[in-house]
1. Condition first: among the basic types (Lys, Arg) and either free of Cβ contacts under 8 Å to residues at least 12 places away in the same chain or surrounded by fewer than 19 Cβ atoms within 10 Å (Cβ to Cβ) (or both). Now tell me which residues in the range 49-99 satisfy that.
2. Could you tell me how many of the residues in the range 106-122 are in contact (Cβ under 8 Å) with a residue 24 or more places away in the chain and either more than 17 Å from the chain's Cα centre (by Cα) or crowded, with 18+ Cβ neighbours inside 10 Å (or both)?
3. Looking only at the range 123-134, how many residues end up being surrounded by fewer than 17 Cβ atoms within 10 Å (Cβ to Cβ) and either without any contact (Cβ under 8 Å) to a residue 24 or more places away in the chain or not in a strand (DSSP E or B) (or both)?
4. Residue 113 - would you say it is at negative phi and touching a Ser or Thr at 6+ places or on another chain (Cβ under 7 Å)?
5. Regarding residue 30, is this residue modelled with pLDDT under 95 and of a type in the set (Val, Ile, Thr)?
Amino acid sequence: MLRKIIAVATAAAAFLVPAGPALADSQDGIPETEEYVQWMYEDYSGPIFDQWQGDLSNYMGAYFVNTRVLVDQNTSSVKNLHPRMYVRAFTGQNYTGASMTLLPFDRAENGMSWRYPSLGSFDNSFRSHRFDWAK
């Protein structure tokens with residue numbers, strides 16, 4: 001009898017909660033729409049750091065999810081999962097130094113892309129990033 005009451009109460013509660021689109025949660029370890037995602041290793045492997053539409057002027061205090069490894073100068077592959085915004089990743093804090101631009105999700109043009117499985121000369125060098133609206 002108790003199971004039946006719990007089942008009915010659970011079903012009734014489902015109707016009371018409004019349904020809406022799933023929103024990305026920063027730093028939950030799950031790559032989601034509208035996030036900039038950094039992996040510790042090449043080919044999108046190892047621990048990740050996922051940031052939803054937020055600029056970070058430095059990575060001090062930012063750790064790969066479920067690790068004690070700072071993101072600062074420890075990134076080897078990246079993806080921009082935002083469909084309308086560019087991401088610029090910088091080698092210096094406060095958006096300074098050399099930068100790499102990631103196009104909005106699923107776009108590639110002029111040798112640039114929305115994803116980089118390896119970073120070449122940018123490997124382990126990013127120290128800040130920001131989102132910019134696509135032109």
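The values are calculated or read from the model by the stated rules, or taken from the named source; none is laboratory data. Worth saying up front: this structure is predicted, and the values here are computed from it rather than measured. In this analysis, Cβ positions are derived from the backbone assuming ideal geometry, glycine residues included, and neighbour counts consider all displayed protein chains.
1. 68, 84, 88 - these are the residues of the range 49-99 that are among the basic types (Lys, Arg) and either free of Cβ contacts under 8 Å to residues at least 12 places away in the same chain or surrounded by fewer than 19 Cβ atoms within 10 Å (Cβ to Cβ) (or both).
2. Total satisfying the criteria: 4.
3. Keep residues of the range 123-134 that are surrounded by fewer than 17 Cβ atoms within 10 Å (Cβ to Cβ), which gives 123-124, 132-134.
Narrowing the set further to residues that are either without any contact (Cβ under 8 Å) to a residue 24 or more places away in the chain or not in a strand (DSSP E or B) (or both) leaves 123-124, 134.
Selection size over the range 123-134: 3.
4. Details: at negative phi: yes; touching a Ser or Thr at 6+ places or on another chain (Cβ under 7 Å): no.
Here the answer is no, as residue 113 does not meet what is asked.
5. yes
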